[in-house]
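S.K.: Provided herewith is a single structure, encoded as structure tokens, for subsequent inquiry.
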Amino acid sequence: MLNRLLIYRNLLKDDLVQKVQNLLKVLKEFDGKDQTSLQNQYSEVVASLLQFGFKENIKEFLWKNYIDHLIFQDENIFSLSCEKTNNKIDPNIIEAVKRDLILLNEFSYLDWNAIALKIGIEPFGFLNTKEEKYINIDETISKLSDYYLKNGCGLMGKYKAFRWDNGLVGIENPDSIRLSDLIGYEEQKKTLIENTEAFLQGKKANNILLFGDRGTGKSSSVKALLNEYAHRGLRLIEVPKHQLIDFNRIISLVKNRNRYFIIFMDDLSFEEFEMDYKYMKAVIEGGIEKRPDNVLIYATSNRRHLIKETWNDRQNADGEVHISDSIQEKMSLADRFGISITYTSPNQKEYLEIVERLAEKNGIDLPKDELRRKALQWEMWHNGRSGRTAQQFIDYLLGQK
């Protein structure tokens with residue numbers, strides 16, 4: 001049946017769809033004698049559908065919902081066209097989609113009760129749907145178009161955060177931190193928000209370097225942007241520095257998508273012997289291929305100039321004639337970022353303010369003097385004053401409740 005699909009042919013590669021098609025094929029030749037093999041195939045299908053229902057929190061009509069899920073997640077020429085604009089889709093594509101949806105609708109209304117009885121198994125009520133098989137094609141296409149436009153399709157519709165590992169890998173449960181969870185650093189957050197807002201509005205925006213002391217919220221600030229703006233099409237791709245050479249591959253995957261991508265490089269720095277920083281310069285400013293308007297680079301680092309600089313550089317230990325050129329080359333990498341935001345460790349007053357606000361937010365009811373005394377003891381015994389230390393102290397108090 002599904003071999004006639006044109007647009008949604010990716011569904012033919014789905015393991016469960018293949019199992020069901022094979023089950024139906026064997027059923028046609030079933031003579032009622034050896035039920036064991038069919039019962040085993042049927043049970044495998046039901047077990048997979050139960051896992052799907054558990055993961056997606058769906059308790060009924062599992063087969064119909066499974067097919068619908070595949071349709072909504074599929075990346076094809078129709079869904080990609082809808083993602084960019086649902087008003088200018090090739091009429092030939094629409095005609096092919098209509099035929100596919102009729103086939104898939106029929107496939108999603110299999111009579112699982114009849115199948116179970118035929119092979120000697122008591123039917124499960126959560127497989128069949130009580131709805132009619134009738135499908136309003138135009139209405140269905142309209143709903144699909146709106147969904148793809150709003151949510152994206154394929155990986156971009158399923159995930160909002162990715163890591164690059166020789167390919168895009170979706171992150172199931174990205175950090176849920178919000179900007180409101182980051183106490184202090186209001187000016188830093190304001191700059192970050194303004195630049196990201198301009199980016200999402202299609203205006204000119206800058207790559208950003210967030211640098212400063214450890215534990216001050218640099219990485220958390222970038223991650224929080226995703227939770228603030230994912231509904232507006234923002235996506236985050238974390239790229240380790242050793243895979244910067246793949247930057248053009250990443251660009252080719254995202255440049256034509258109707259989404260906005262922040263390529264996130266966390267804790268970025270280079271030792272003096274590492275030459276990848278030269279490639280990094282081309283990545284930021286763009287080589288022969290222009291960096292698309294829907295891509296920005298946000299990087300965090302504990303180093304202002306990103307590249308380790310030694311006194312030997314300044315004392316010309318290697319005998320280089322134009323030593324100032326080498327120093328300028330190393331310092332110029334950070335200058336390629338249009339905006340640099342500094343995160344410094346809080347002083348004692350700021351640290352205690354962070355602790356007090358976190359304690360209030362988490363419902364910790366301690367006398368102010370006792371809270372401050374314990375907070376100061378904690379930062380002396382542990383990692384010094386920082387937003388991270390304050391959060392760790394609050395987590396300790398919550399664990400003592």
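S.K.: Is it true that G167 is assigned by TED's automatic domain parsing to the domain that holds G338 and within 22 Å of N10 (Cβ to Cβ)?
M.R.: yes
S.K.: For the range 69-80, does any single residue satisfy the condition of being free of Cβ contacts under 8 Å to residues at least 24 places away in the same chain and either in the same structural domain as M265 (by TED's automatic domain parsing) or under 30 Å from F264 (Cβ atoms) (or both)?
M.R.: Within the range 69-80, one or more residues are free of Cβ contacts under 8 Å to residues at least 24 places away in the same chain and either in the same structural domain as M265 (by TED's automatic domain parsing) or under 30 Å from F264 (Cβ atoms) (or both).
S.K.: Next question, about the same structure. Examine the range 3-14 for a residue that is over 21 Å from E106 (Cα atoms) and buried (at least 18 other Cβ atoms within 10 Å of the Cβ), and state whether such a residue exists.
M.R.: no
S.K.: Listed residues N302, N383, N316; which is modelled with pLDDT under 85, touching a helix residue (DSSP H, G or I) at 6+ places or on another chain (Cβ under 9 Å), surrounded by 12 or more Cβ atoms within 10 Å (Cβ to Cβ) and at positive phi?
M.R.: Just one listed residue meets the conditions, N316.
S.K.: Something else about it: If K223 satisfies all but one of (1) crowded, with 18+ Cβ neighbours inside 10 Å; (2) farther than 30 Å from Q392 by Cα, what's the number of the condition it fails?
M.R.: Failing condition for K223: (2).
S.K.: Does K133 count as loosely packed, with under 15 Cβ neighbours inside 10 Å and either of a type in the set (S, T, Y) or at pLDDT 90 or above (or both)?
M.R.: Here the answer is no, as K133 does not meet what is asked.
S.K.: Tell me the residue from N57, N40, N10 that is under 24 Å from L101 (Cβ atoms) and assigned by TED's automatic domain parsing to the domain that holds D146, please.
M.R.: So the residue among N57, N40, N10 that is under 24 Å from L101 (Cβ atoms) and assigned by TED's automatic domain parsing to the domain that holds D146 is N10.
Matching residues to (1) under 26 Å from E83 (Cα atoms); (2) among the charged types (D, E, K, R); (3) out of contact with any Gly (no Cβ under 9 Å at 6 or more places or on another chain):
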| site | (1), (2), (3) |
| --- | --- |
| Y134 | no, no, yes |
| S142 | yes, no, yes |
| L179 | no, no, yes |
| E197 | yes, yes, yes |
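S.K.: Looking at I102, I141 in this structure, which one is crowded, with 17+ Cβ neighbours inside 10 Å and in a helix (DSSP H, G or I)?
M.R.: Sole residue among the options that is crowded, with 17+ Cβ neighbours inside 10 Å and in a helix (DSSP H, G or I): I141.
S.K.: May I pose another question? Name the residue that is surrounded by the most Cβ atoms within 10 Å (Cβ to Cβ), counting only residues in the range 32-89 that are of a type in the set (K, R) and over 26 Å from R232 (Cβ atoms).
M.R.: Among those that are of a type in the set (K, R) and over 26 Å from R232 (Cβ atoms), it is K64.
S.K.: Can you name the residue in the range 158-204 that is touching a strand residue (DSSP E or B) at 6+ places or on another chain (Cβ under 9 Å) and among the β-branched types (V, I, T) and, of all such residues, is surrounded by the most Cβ atoms within 10 Å (Cβ to Cβ)?
M.R.: Applying the filter and picking the extreme gives T196.
The values are calculated or read from the model by the stated rules, or taken from the named source; none is laboratory data. Because the structure is predicted, anything quoted here is derived from the model rather than measured. FYI the Cβ positions are ideal-geometry reconstructions off the backbone, even for glycines, and counts take in every protein chain you see.
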